[in-house]
Amino acid sequence: MTSLDFTASGGSLAMRLALPVFAAALFLSAFLLFSVQPMFAKLVLPILGGAPSVWSVAMVFFQAVLLAGYAYAHGLARLRSTRLAAFIHLALMGAAFLALPIALAPMAQTPPEQGEAVWLIGVFALSVGLPFFAVSANGPLLQAWFARSGHHQARDPYFLYGASNIGSFAALIAYPLAIEPLLTLGAQSRGWSAGFALLGVAIAACAAVAASAGGDAGMRADARSAADAPAPTLGRRFAWIALAAVPSGLLVSVTAHISTNVAAAPLLWVAPLALFLATFVLVFRERPLVSDATLSAAQIVFVGAAAAQFVMGSNGFWPTLVIHLGLFFVSAMACHSALYARRPQAARLTEFYMLMSLGGVVGGVFCGLLAPHLFSTVVEYPLLIVAALFCSAPALAAFAGGAPDGPLLPQGRAGQAGVLAGALAIVATQFLAPQSAAGLGLVAFGAFALCLRAPRRAALLALAAGLVAAVSFAAFSPARSYRSFFGVHKIAELFGEY
């Protein structure tokens, strides 16, 4: 009997090995996935002078490739044979290995005078696209294989997603503290290549364990389970996309806000991304560490602090950073908590992750590519703060019935009219003076809170949303600003004698 032959009496050994083998592979995959992002961004930054939009475009690119990887994993997981799926994926890993070590594509040496965002996406695609795509598929694919392994925890494998994000979090913390100060970019690239080769071995081990433990039989049973279970409703699928889009957009917008209005420090974007990953670790588990009620209360507190900071102006680097990162963290955690509550059974795991990734792309594209052309300031940031308030569990319970299968739209004509009024106020702020915009925002959202006939907490959420929207629009004066790839530019008219 070979070391990977777990049939008959060796089956129990496969069960004992399944969880540590899969956890190790997912940790390494996530570590590589999120260590390559700051490493390659550092390669690109000098070319465009460290513009804040480089961070935004980088995140949009990585989110888009992640979606492609999740779609590929969804298709691969539908194959009936674990061995065939493993062969295809390991062949892709081998092709990606031939593209290593990671280095800038030749086109990166001559940036254009216009269309920097599209050019930058091309640089990312040619330089790191294939290896990142190969690694990005591992999260949902390995979880799907584990779900069919027969392990006693295989029926609800979503905890592995939280565990894999520990690897992502570790990479983002290790990069600025240890990797970047101690290793040259060349050494980092060679080290990443070695880790990629080790990951290929780990994936082969996962496939062997899953197949020997009954993975093919699990695939057939899983296919029957998916066929017998009712398909997720259109509303539930929309909820997966929307609840992922809001925190993803917040990630891009809070990074742009901090880089533009607080400090354009190198690698400052690592902090929001690390917090974003930490929310998955804290939420994707059987017993969340923080209750929905606590998250809702924390959201309101941070919204009030941000509103006060918008009105009074900056009060120092660290207080401003703590307020906005704290607001982002609790908002993203509230959205991901609602998303986890709406997860499907394991048979539809890869579809869930694919649509969740689609939501991430929607949020990232809106903030990273569309918003700079739609708005003259970083106005998408307060808009997403408002959206996150309505994605919290108490708000969903008040406005949308709160059921995991229920719609996310507000119930009744009054609630829908309130949302429409708020949307019109948001659009109007781009064409009104700050004082008029603030007044209109308060009136619209105040009327929203009064006409909903909702519980008191829902009214407080609506009022908090109105407050942050109003003061944010008043603080960001569109009439005196314009926006380009390199940031927000404000124009001041000086009067008097020279």
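Below is a table of values for the structure above.
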| read-out | value |
| --- | --- |
| Karplus-derived HN-Hα couplings along the stretch 56-69 (A = 6.51, B = -1.76, C = 1.60, θ = phi - 60°), whole Hz, x at Gly and Pro | 5, 5, 4, 5, 4, 4, 5, 5, 5, 5, 4, 4, 4, x |
| Length added when fully stretched, Phe159-Arg78, from 0.36 nm per residue minus Cα-Cα | 27.0 nm |
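Since every read-out is calculated from the coordinates, none of them should be taken as a lab result. Quantities reported herein were computed from a predicted structural model and do not represent experimental measurements.
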